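Here the structure is laid out as structure tokens; the discussion comes afterwards.
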Amino acid sequence: MRHASTVLVISHDRELLTSACDAVVTLEGSGAWVHGGSYATYPEAREHRQKLMGDRLVRWQEEEKRLRERVRIFKERARYADSWAKRADAAETRWKHFVDAGPPPAPVGDRHMVVRFRGGDSARRVLDLRKLSIDGLVRPSPRRSISASASA
């Protein structure tokens, strides 16, 4: 059953994300990106995106090196022939604009987090959604238990 409204689901339950979501928004690095498919295809899509980001960064670095070398060569030639001075200045301006625009974002490294709840009542159950049902989206399941703990 499709709904005309948007539902934001934040979960670590991959089965729920696979069956209930048709897009995944990832907050990472200094921004966000949207995978327009279910969570079932998300890991491969993220890996592909990371590879593309790495490739773009490598290409940018190679182009910056090529432009810098071109400036060096043109300036060297301009030392011996005045006709190269304008070309050297133009090449340097192009290189500076390229560098000022900055490189594309680098791939985001994976970080493994350890969450620790401190305090005497950290094992207290705050929320229990085992019998939660959203018509056409989530059925209650005796084995699905979503709970959260609170820290003191």
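Readers should treat all values here as calculations from the given coordinates under stated rules, not as data from a laboratory. Since the model is a prediction, treat every value here as computed from it, not as a measurement. For neighbour counting, all protein chains shown are included, and Cβ atoms are generated from backbone atoms with ideal geometry for every residue, glycine included.
Observations
- Filtered residues of the range 2-22 (kept if surrounded by 12 or more Cβ atoms within 10 Å (Cβ to Cβ) and of a type in the set (A, V, I, L, M)): V9, L16, L17, A20
- Number of residues in the range 23-51 that are assigned to a loop (DSSP other than H, G, I, E, B), free of Cβ contacts under 8 Å to residues at least 60 places away in the same chain and either surrounded by 10 or more Cβ atoms within 10 Å (Cβ to Cβ) or touching a Cys at 6+ places or on another chain (Cβ under 6 Å) (or both): the value is 3.
- Filtered by the rule that a residue be out of contact with any helix residue (DSSP H, G or I) (no Cβ under 8 Å at 6 or more places or on another chain) and either surrounded by 14 or more Cβ atoms within 10 Å (Cβ to Cβ) or part of a helix (DSSP H, G or I) (or both), the range 97-113 gives H97, D100, A101.
- Residue in the range 81-96 that is of a type in the set (F, W, Y), loosely packed, with under 11 Cβ neighbours inside 10 Å and over 28 Å from the mean Cα position of the chain (by Cα) present: no
- First in the range 52-63 and free of Cβ contacts under 8 Å to residues at least 40 places away in the same chain and surrounded by 12 or more Cβ atoms within 10 Å (Cβ to Cβ), second anywhere and in a helix (DSSP H, G or I) and not hydroxyl-bearing (S, T, Y), Cβ under 8 Å, 6 or more apart: E63/F98
- Of all residues in the range 25-44, those that are under 11 Å from the mean Cα position of the chain (by Cα) and not polar (S, T, N, Q) total 9.
- Test: residue in the range 22-42 that is among the charged types (D, E, K, R) and within 30 Å of S133 (Cβ to Cβ): yes
- Which listed residue is over 15 Å from the mean Cα position of the chain (by Cα), among the aliphatic types (A, V, I, L, M) and not in a loop (DSSP other than H, G, I, E, B), from L17, L8, L57: L17
- Counting only residues that are under 19 Å from L67 (Cα atoms) and out of contact with any helix residue (DSSP H, G or I) (no Cβ under 6 Å at 6 or more places or on another chain), the range 77-91 holds 4 of them.
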